[in-house]
Amino acid sequence: IVTGAGKGIGRAAAAALARAGAAVVLASRTYRDCEAAAEEIRSAGGEAVAFGADVADYGQVERVVREALARFGHIDILINNAGVIEPIGYLQDCDPGAWARNVQINLVGAFHCVRAVLPHFLERQRGVIVNVSSGAAVRPREGWSAYCSAKAGLAMLTQAIHLEAGAFGVRVYGFQPGVVDTDMQVKIRASGINEISRLPRESLANPADPARVIAWLCTEEARDLAGQELTIRDPALRARAGLAG
């Protein structure tokens, strides 16, 4: 299962997992984008199914997991990629509802997905979770108070999953993909707030790069890294995942 799979890193990760032989369940709030991504996978000979689902709504997440199990019989991998950057703005100017909505999607939404699949993983004594994190989890960025707070919480959720489920065959990773050329970066550049907004587009990474690392983390080769917060900027990780330096 890949959330936020209609665009950007999620879409690229779903394609990478399909190329590696996984049957992929793509989920995002925009069904049309997800179905288009799933059709690309099917056209390339892979197996994929799309769902429209808002991870902030636990009932919708449960439905995706239930239907995935009904269709495929088991789930091996969860990629928690769904996320939003808004609201971008100074604390005193942020709309309280928008701020809370950010945390509800970026953090609570990831918990919803973990909560829905974890009983199945524990029953099978196996499963991989990749929480798509951010450097914002460990470094505050001006204007990103909601996003930074949510990603910091996600990093702690990764540790909690490892603590409680790691001994029962469940592997979890926090993965920071770097600054990637996605729709989120369009919004960041439009804001003009903090140094990330001023990065030229040509300096941004292709979504295929973090997608390759995400797919590699789901293999047995990455078992020794379970429970860690990882960054694509780590030369050793890049080398192991087959990325250029």
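Computed from the coordinates by the stated procedures, all read-outs in this text should not be read as laboratory data. All of these numbers come straight from a predicted model, not from anything done at the bench. Reconstructed Cβ throughout: ideal geometry from the backbone, glycine too, with neighbour counts over all protein chains shown.
Miscellaneous remarks
- Stokes-Einstein diffusion for segment 35-109 at 20 °C, viscosity 1.002 mPa s, with a Kirkwood radius from C-alpha pairs, works out to 146 µm²/s.
- Across all Cα atoms of the chain, the radius of gyration (one decimal) and Dmax (whole number) stand at 16.9, 51 Å.
- Computed over the chain, relative contact order equals 19 percent, with contacts defined as Cα pairs under 8 Å that lie 6+ residues apart.
- FRET efficiency, E221 to R139 (Cβ-Cβ, R0 30 Å, nearest 0.05): 0.55
- Annotation: Cα Rg of segment 149-245 relative to the compact-globule expectation 2.2 N^0.38 Å equals 1.22.
- Gyration tensor (alpha-carbon) shape descriptor, segment 61-176, a/c threshold 1.5: prolate
- Two-site FRET efficiency, Q125 against L204, from Cβ-Cβ distance with R₀ of 45 Å, rounded to 0.05: 0.70
- Using the average count of surrounding beta-carbon atoms within 10 Å as a protection proxy, the listed peptides 189-195, 90-96 rank, highest first, as 189-195, 90-96.
- Helix 31-43 axis, angle to the chain major axis (alpha carbon atoms, nearest 10°): 50 degrees
- For segment 1-109, averaging the sequence separation of C-alpha pairs within contact (under 8 Å, six or more residues apart) and dividing by the residue count gives a relative contact order of 26 percent.
- When only alpha carbons are used to place a centre, segment 22-63 and segment 130-150 end up 25 Å from one another.
- Residue-averaged [θ]222 nm for the chain, counting only DSSP H segments that reach four residues, each worth -39500 (n - 2.57): -14000 deg cm²/dmol
- For segment 121-163, diffusion coefficient by Stokes-Einstein and Kirkwood Rh (Cα), 37 °C, 0.692 mPa s, µm²/s: 285 µm²/s
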